[in-house]
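Trainee: What follows is a single structure, and I will ask about it in a moment.
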Amino acid sequence: MKPEDRLEEKHPMEEFLRMDRMPHIWCSGCGIGIVVTSFIEALQKSGLDPDKVCVVSGIGCTGRVAGYLRLDSFHTTHGRPVPFATGLKLANPELKVVVFSGDGDIVGIGGNHFIHAARRNMDLVVICVNNFNYAMTGGQVAATSPIGANLSTAPYGNFEYPFNLPYLAEASGATYVARWTCLHIRRVTKSIQEALQKRGFSFIEVITPCVTLYARRNRLGDGLNLLRYYYENSEIRHGADTRTLDIGYQGKIIVGKFVDIEKPTFLDCMNNHLRKVLGNKYQPWGVKS
Amino acid sequence: MSVRKKSADPKGVLTGVHYLDGDYAIAEGALAAGCRFFAGYPITPSTETAERFAERIPLVGGVFIQMEDEIASVAALIGASWAGVKSMTVTSGPGFSLMMENIGLACMMEVPIVIANVQRGGPSTGLPTLTGQGDMMQVRWGSHGDYEIIALSPDSPQECFDLTIKAFNLSEMYRVPVFIMTDECVGHMHEKVVIPPAEEIEIVERKWYEGPKDKYLPYKPDVDLVPFMVKAGDGYRFHTTGLTHDERGYPVINAECQNWCVRHICDKIRLNADKIIEYREDETDTAEIVVVSYGITSRVAWKAIQDARKAGIKVGSLRLITVWPFPEKKIEELAGKIKAFVVPEINLGQIKREVERAAKGKAPVYPVSHCGGWVHNPNDILKVIKEAAK
């Protein structure tokens with residue numbers, strides 16, 4: 001028997017992974033792989049045709065996700081996966097477009113694109129892996145770094161206020177907002193599945209350990225120590241007021257599903273409005289007649 | 001490789017004789033070419049193209065979206081193009097600067113998109129409402145690294161229409177961003193624009209891959225060096241990246257792959273340059289002086305050329321339709337036969353240096369330069385022609 005024929009050596013998620021690109025580049029103890037596993041499981045459960053699902057990533061550790069998923073996958077420029085996904089989705093509304101990237105990418109350099117896509121209620125699923133720092137470049141301070149955390153460009157500790165991502169997403173117009181840590185595997189999976197099955201701008205923040213940089217600089221131990229921190233300090237509070245979700249250094253992490261509402265998407269609004277104004281002259285876009 | 005052609009989709013073609021400005025003509029050219037996705041950000045003096053597209057696209061079927069900035073606009077174009085829809089945007093200097101990042105991505109991913117730059121005086125905010133031709137080098141070199149693009153330069157609203165169609169055709173043919181480098185003057189100039197019937201407009205189709213799904217390689221060069229393309233959602237499960245990549249589109253971070261990847265995106269334009277380059281010659285075969293010009297400046301130069309001929313000087317005209325890739329062979333060939341080149345342009349000698357490079361010292365090059373805000377006075381060009389003819 002040849003090794004490739006041995007059933008037990010086949011990864012159960014092989015259909016959705018580019019096995020010819022393994023091993024991946026993520027450090028041991030990193031949480032991104034867990035989120036990828038949750039995503040694949042959610043995709044399998046969603047019943048969506050994987051051929052119609054696109055993944056768009058930006059730059060950074062999480063930016064590498066697109067390269068490992070065996071879907072139509074796009075590894076774009078730093079901060080720009082949201083507008084890239086906007087073009088992809090609008091040009092072919094049949095596609096389910098998922099932005100899978102990190103905090104630095106989505107709300108740091110890409111913050112402007114993020115709020116505008118949420119404002120328009122662009123029909124996208126945005127999965128934001130938040131590891132509190134710029135990890136690919138060596139652990140620099142991020143828009144999400146807690147006050148007091150030590151980062152390579154905040155060597156005396158961070159003194160900037162960080163973003164509260166669920167609050168930012170809700171205030172900007174997102175119709176689905178959830179936050180989990182990568183310890184909450186089943187809940188992450190469920191949230192991604194709900195988002196995949198929903199129309200509108202969905203935002204899921206997943207807090208993950210960065211063992212090599214954030215944890216090492218702050219002497220927080222290894223991956224297991226960080227998962228223990230999540231276990232002991234996260235509190236599920238569905239429907240919590242997103243204004244109360246700030247995360248302090250090694251402080252409490254409020255997780256849960258905070259927003260889940262229905263609202264017409266950008267394309268719904270475009271088609272409805274223009275049909276109303278232009279009548280039969282209007283040529284609808286992306287609407288099955 | 002035979003190019004697949006068809007006639008234009010009549011839905012987008014506003015056949016007839018119109019009185020349009022250059023900006024509107026670009027929008028009409030795009031619609032005639034089959035462009036159905038426009039993402040842009042308002043900026044003088046290019047905004048009229050976006051306005052026209054926003055008004056017309058609901059009647060044709062497609063999407064207009066005003067993005068949050070020009071960075072997002074080009075990112076959206078690339079996404080839309082991967083979904084199989086022809087896409088364009090329009091801008092001017094400051095917006096063009098913001099676009100550079102994703103222009104590099106489009107070159108690296110080999111995605112057909114079209115960008116019109118209605119040039120104004122720069123640098124920085126410069127002269128928002130007044131003309132310039134100062135972005136001719138930026139369009140060639142503005143994004144980082146080595147790459148090649150195609151840039152066309154219309155000198156009238158009619159050419160804005162015609163060259164926008166050509167831009168889409170070249171973009172699809174070579175999987176490369178194509179630029180329409182016009183300026184405030186042509187953009188706001190109203191003239192007669194004839195839009196032919198749809199069946200007379202030739203449209204080049206994208207090089208769609210038709211082989212077995214598991215054999216598809218997004219970056220495997222075809223015989224013409226241009227790889228075949230597929231679109232998102234068709235089950236190919238392809239990967240594409242801005243990183244240096246191999247034929248599969250997978251990142252490979254080493255010098256060998258970098259050499260293959262970057263040479264490939266450059267060679268597909270460089271080695272096809274003769275097929276891409278277009279220019280108009282007038283009396284260059286008997287000329288002692290050749291005026292090399294492009295865009296609005298070629299119309300002003302034409303007056304100077306006629307005046308010089310009346311004064312008995314043998315002057316030819318070489319008007320660049322394609323500015324990039326640069327027609328260096330043509331320049332070198334002329335350089336060996338003539339006394340001098342004269343290059344009027346609304347910048348401090350960007351294309352003049354290129355003419356000098358291509359002339360290889362066989363003929364001197366006389367610039368007629370200014371920084372923008374107005375078109376040349378033909379007499380200033382005439383003066384330099386006379387000086388060059390001495």
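Derivation of every value follows stated rules applied to the coordinates shown; laboratory data play no part. Bear in mind the structure is a predicted one, so any value in this text is a computation, not a measurement. All Cβ positions, even for glycine, are placed from backbone atoms using ideal geometry, and neighbour counts span all protein chains on display.
Trainee: Hey, if you put +1 on the Cβ of every Lys and Arg and -1 on every Asp and Glu Cβ in the protein assembly as shown, which of A:V35, B:G336, A:T265 ends up farthest toward the positive end of that dipole?
Mentor: Of the options given, the answer is A:V35.
Trainee: How much length is gained if the chain between A:R243 and A:N272 is pulled fully straight, taking 0.36 nm per residue apart and subtracting their Cα-Cα distance, in nm to one decimal?
Mentor: 7.2 nm
Trainee: While we're on this one: Between B:E51 and B:K192, with labels modelled 7 Å along Cα→Cβ, what's the label distance in nm to one decimal, could you check?
Mentor: 2.6
Trainee: Counting partner chain Cβ atoms within 10 Å of every residue's Cβ in B:80-91, what's the average?
Mentor: Per residue, the number of nearby Cβ atoms from other chains is 4 on average.
Trainee: Specify the residue with the greatest mean-square fluctuation among B:A167, B:A335, B:A50, computed from a Gaussian network of chain B linking alpha-carbon atoms under 10 Å apart.
Mentor: Among B:A167, B:A335, B:A50, the largest GNM mean-square fluctuation belongs to B:A335.
Trainee: From the cross-link list A:K276/B:K231; B:K275/B:K386; B:K166/B:K383; B:K166/B:K329; B:K11/B:K268, which pairs have alpha carbons spaced over 25 Å apart?
Mentor: A:K276/B:K231; B:K275/B:K386; B:K166/B:K383; B:K11/B:K268
Trainee: Something else: Among B:Q258, B:L225, B:Y236, whose Cα projects farthest towards the positive end of the dipole of segment B:207-276, with charges put on the beta-carbon of Lys, Arg (+1) and Asp, Glu (-1)?
Mentor: B:Y236
Trainee: Write down the percent of antiparallel bridges among all DSSP beta bridges whose residues are both part of chain A, to the nearest 5.
Mentor: Here the share of antiparallel DSSP bridges comes out near 20 percent.
Trainee: Return the Rg/Rh value of segment B:9-203, two decimal places, where both radii are evaluated on C-alpha atoms and Rh is the Kirkwood radius.
Mentor: That ratio is 0.93, to two decimals.
Trainee: Roughly how many Å is it from the Cα centre of segment B:44-75 to that of segment A:1-70, as a whole number?
Mentor: 37
Trainee: Only residues of segment B:39-72 count here: report those whose backbone N is under 18 Å from the spot 7 Å along Cα→Cβ of B:K11, or say none.
Mentor: Hits in segment B:39-72 for B:K11 at 18 Å: B:39, B:53-65.
Trainee: Still on this structure, please answer the following. Contact order normalised by length for chain B, with contacts defined as Cα pairs under 8 Å and 6 or more residues apart; what percent is it?
Mentor: Over chain B, the number comes to 17 percent.
Trainee: Shielding by partners for B:64-70, please: the mean number of other protein chain Cβ atoms within 10 Å of each residue's Cβ.
Mentor: Mean number of neighbouring Cβ atoms from other chains: 5.
Trainee: Then there is this: For segment B:207-276, what does the alpha-carbon gyration tensor say about shape, rounded, prolate or oblate, given a ≥ b ≥ c as the root eigenvalues, a/c under 1.5 as rounded, and a/b over b/c as prolate?
Mentor: oblate
Trainee: Comparing A:K96, A:K190, A:K52, which has the greatest mean-square fluctuation in the GNM of chain A with Cα pairs linked when under 10 Å apart?
Mentor: Result: A:K52 has the largest fluctuation of those listed.
Trainee: Now for a different question. Beyond 45 Å, what percent of the Cα pairs of the protein assembly as shown remain?
Mentor: On the way: 59947 of 230181 pairs.
Distances greater than 45 Å cover 26 percent of the Cα pairs.
Trainee: While we're here: Only bridges whose two residues both fall in chain B count here: according to DSSP, what percent of them are antiparallel, nearest 5?
Mentor: 35
Trainee: Just how large is the dipole of chain B about the Cα centre, in debye to the nearest 20, putting +1 at every Lys and Arg Cβ and -1 at every Asp and Glu Cβ?
Mentor: 720
Trainee: Under 1.5 on a/c is rounded, so check that first for segment A:7-108, then, if it is not, pick prolate when a/b is larger than b/c and oblate when it is not; a ≥ b ≥ c are the square roots of the alpha carbon gyration tensor eigenvalues. All intermediate terms of the calculation are to be shown ahead of the outcome.
Mentor: Details: a/c = 2.05, a/b = 1.19, b/c = 1.72.
Oblate is the answer for segment A:7-108, as a/c is 1.5 or above yet b/c matches or exceeds a/b.
Trainee: At q = 0.10 Å⁻¹, what base-10 log of I(q)/I(0) does the Debye formula yield for chain A when every alpha carbon is treated as an equal point scatterer in vacuo?
Mentor: The computed values of log10 I(q)/I(0) come out as -0.52.
Trainee: If you put +1 on each Lys and Arg Cβ and -1 on each Asp and Glu Cβ, how big is the dipole of the protein assembly as shown around its Cα centre, in Debye rounded to 20?
Mentor: Rounded to the nearest 20 debye, it is 440 debye.
Trainee: Follow-up question, since we're still on this one. At 222 nm, what helix-only mean residue ellipticity would chain A give, in deg cm²/dmol to the nearest 500, using -39500 (n - 2.57) for each DSSP H run of four or more?
Mentor: Helix contribution divided over all residues of chain A: -8500 deg cm²/dmol.
Trainee: Here's a follow-up. If packing is taken as the average count of other Cβ atoms within 10 Å, what order do A:263-269, A:115-121 fall into, highest mean first?
Mentor: Highest mean packing first, the order is A:115-121, A:263-269.
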